[in-house]
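One structure below.
The values are calculated or read from the model by the stated rules, or taken from the named source; none is laboratory data. From a predicted model like this one, the values you see are computed outputs, not experimental measurements. Positions of Cβ are generated from backbone atoms using ideal geometry, with glycine treated the same way; all protein chains shown enter the neighbour counts. With ligands, DNA and RNA removed, areas are computed over all heavy atoms of the protein, side chains included. Shrake-Rupley method; radii C 1.70, N 1.55, O 1.52, S 1.80 Å.
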Amino acid sequence: MSHKLYKNLIGGEWVAAKTGKTFLNSSPANKNDVVGEFQSSGADDVDAAVKAAAEAFKTWRLVPAPKRAEILYRAGHLLEQRKEQYAKDMTREMGKVLAETRGDVQEAIDTAYYMAGEGRRLFGQTTPSELPNKFAMSVRMPVGVCGMIAPWNFPMAIPSWKLFPALVCGNTCVIKPAEDTPLSTFNLVQTLIDAGLPKGVVNIVTGFGPEAGAPLVEHPGVHAVSFTGSSEVGRLVGQVAAANFKPCSLEMGGKNAMIVLDDANLDLALDGAVWGAFGTTGQRCTATSRIILHKSIAAEFTEKLVARAKALKVGDGLDESVEMGPQVNEQQIETSTKYCEVAQQEGAKLLCGGKRLTEGAYANGTFFAPTVFSEVKPEMRIAQEEVFGPVVSLIECSSFDEALEIANSIKYGLSTALYSRNVNNAYRAIRDLEAGITYINAPTIGAEVHLPFGGVKQTGNGHREGGTGALDFYTTWKSVYVDYSDKLQRAQID
Ligand code: ADP
């Protein structure tokens, strides 16, 4: 089957990479299904894109924010119309089931409308001056050219979290999508173009991390960097940005715990566990990867969870009856396989799954069986390190205090969940779980776009996407003093 060739978007033109190289994007459900051919870009391509974004910034920053927002409203509306097609494209290139890719596009629609509303807010502050006949206010200014590096697990939602707030704030952008899922970024940006986005305001450079991502972070013309991905790469990105004093938002790993106490609604917790652990094939930074069970309900919960995991229908996400799609690529399969071996060497007990699925319809894809480990100890690697696959660890505890201690005993701090019907426990969890997100009686996944998204400890570097935190990242404050006294007035002195 012939496939389409996609070029970089630079200054409003579709152009081939100067490297002369391309790569194929194929479906994780069937490697013979080629989704498209994309440019394998290098530093020269990034340089051209950054220059185009700098040129576009000269005029885009002067467009009134409510007018910029109108483009986002239109884009949101167009995304609603295109939702089904874009969801299918996304399932094809990324693997997760259609219900979830529809949700991913919906997240971009929600972000479009939410950030469009900001076009008529973008509030600063007015405040009295300490001097007479003097006016003081703070206003949000765009940062300039923003470099964005996206992962593959939310191929449209995450680019929308980065692009839409940046645009409404008056910035111009160069985005490098993940090499596994570039098509969804093209769909998103094509929608912006159709909604009236001027040339050069968003530029796309596709390619691999070291060749196309690193030069974007390093480029002196990039004024802020937003990265979502692994902690290893995030550390590199952060170091390069810091050396150049660039604002840099890092959103990285998690090892998210769900606590189930003896007073929980067990069936509800079970539904949450299956969705949190195996939704998106466990490939969410907020995936439930540790379930901390009170010993009095552990046996019953474990038995039911294993039955549910075994019953999950795994397959091509384009089939509406499938509940869990493939992992995104061979590398993720290797990681899941490795951690299943490590867990058993450490003494964890494999209850189901633990291996790649290769028979029949699975033969040409990267499928992994839903996996549950019991008898996991909090200090084991399977309980400490991010797997990013359909692998969940069960850890027993004797008390709520112990559960909190176990939940917090990791280097990450993204999402957490507590299942309990005791309101006192709920408020203690909200206060004491070391995480950017805590759910009560809901699984660790399910963020809404108007709340801050991000984590503490080694999950991030203090920034938040979503919510007003995104505006804080994509603007810089200017304090303005207007003296209408017609004389020199000296602050702190007169
Ligand atoms: P994952 O393991 O989930 O693929 P990565 O951190 O490897 O996460 O990738 C996230 C994004 O970072 C991708 O777009 C990838 O191309 C990019 N990337 C990888 N290496 C680098 C690098 N050295 N510099 C900048 N970006 C990179």
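Testing residue 278 on (1) more than 14 Å from the ligand (Cβ to nearest atom); (2) surrounded by fewer than 18 Cβ atoms within 10 Å (Cβ to Cβ), one condition comes back false. Which one is that?
(2)
I'm trying to understand the selection: among the residues of region 54-94, which are under 21 Å from the mean Cα position of the chain (by Cα) and among the aromatic types (Phe, Trp, Tyr)?
86
Which residues, counting only those in region 292-314, are of a type outside the set (D, E, K, R) and open to solvent by 10 Å² or more (accessible area, probe 1.4 Å)?
294, 296, 297, 299, 302, 306, 307, 311, 312, 314, listed by residue number.
In region 330-346, which residues are within 16 Å of the ligand (Cβ to nearest atom) and either outside the structural domain of residue 282 (by TED's automatic domain parsing) or in contact with a Gly (Cβ under 9 Å, 6 or more places away or on another chain) (or both)? Break it down into steps so the answer makes sense when it comes.
Pass one, region 330-346, residues within 16 Å of the ligand (Cβ to nearest atom): 330-339.
Passing the criteria: 332, 333, 335, 336, 337, 339.
Just the residues that are in a loop (DSSP other than H, G, I, E, B) and under 20 Å from residue 472 (Cβ atoms), please, taken from region 68-126.
119, 120, 121, 122, 123, 124
Here are some residues: 231, 226. Which one is crowded, with 24+ Cβ neighbours inside 10 Å, among the small types (Gly, Ala, Ser) and in contact (Cβ under 8 Å) with a residue 40 or more places away in the chain?
226
Among the residues of region 315-333, how many are open to solvent by less than 60 Å² (accessible area, probe 1.4 Å) and not polar (S, T, N, Q)?
Residues flagged as open to solvent by less than 60 Å² (accessible area, probe 1.4 Å) and not polar (S, T, N, Q) within region 315-333 amount to 8.
Could you tell me which of the residues 336, 289, 249 is closer than 13 Å to residue 371 by Cα and open to solvent by less than 10 Å² (accessible area, probe 1.4 Å)?
336
Within region 435-450, track down each residue that is surrounded by 17 or more Cβ atoms within 10 Å (Cβ to Cβ) and part of a loop (DSSP other than H, G, I, E, B).
Passing the criteria: 435, 436, 442, 443, 444, 445, 446, 447, 449.
Report every pair of residues separated by at least 6 positions or lying on different chains whose Cβ atoms are under 8 Å apart, first residue within region 98-110 and at negative phi and not assigned by TED's automatic domain parsing to the domain that holds residue 318, second of a type in the set (Val, Ile, Thr) and open to solvent by 10 Å² or more (accessible area, probe 1.4 Å).
107/449; 110/449
Can you say whether residue 152 is within 16 Å of the ligand (Cβ to nearest atom), farther than 15 Å from residue 468 by Cβ and touching an Asp or Glu at 6+ places or on another chain (Cβ under 8 Å), as far as the supplied structure shows?
yes
Filter region 436-486 down to residues that are closer than 25 Å to residue 225 by Cβ and of a type in the set (Phe, Trp, Tyr), then give me how many there are.
4
I'd like the residue in region 118-135 that is surrounded by 15 or more Cβ atoms within 10 Å (Cβ to Cβ) and within 29 Å of residue 58 (Cβ to Cβ) and, out of all such residues, is nearest to the chain's Cα centre (by Cα).
By that ranking, first place goes to 118.
Any chance you could count how many residues in region 194-220 are more than 8 Å from the ligand (Cβ to nearest atom) and in contact (Cβ under 8 Å) with a residue 60 or more places away in the chain?
Adding up the residues that qualify gives 16.
Could you tell me whether residue 27 is open to solvent by less than 30 Å² (accessible area, probe 1.4 Å) and farther than 27 Å from residue 322 by Cα? Spell out how you get there, then give the answer.
Working: open to solvent by less than 30 Å² (accessible area, probe 1.4 Å): yes; farther than 27 Å from residue 322 by Cα: no.
No; evaluated as a whole, the condition is false for this residue.
Under the condition of being free of Cβ contacts under 8 Å to residues at least 60 places away in the same chain and either in the same structural domain as residue 331 (by TED's automatic domain parsing) or within 14 Å of the ligand (Cβ to nearest atom) (or both), which residue from region 155-175 is surrounded by the fewest Cβ atoms within 10 Å (Cβ to Cβ)?
175
Specify which of the listed residues (186, 245) is at positive phi and either more than 7 Å from the ligand (Cβ to nearest atom) or in a helix (DSSP H, G or I) (or both).
245
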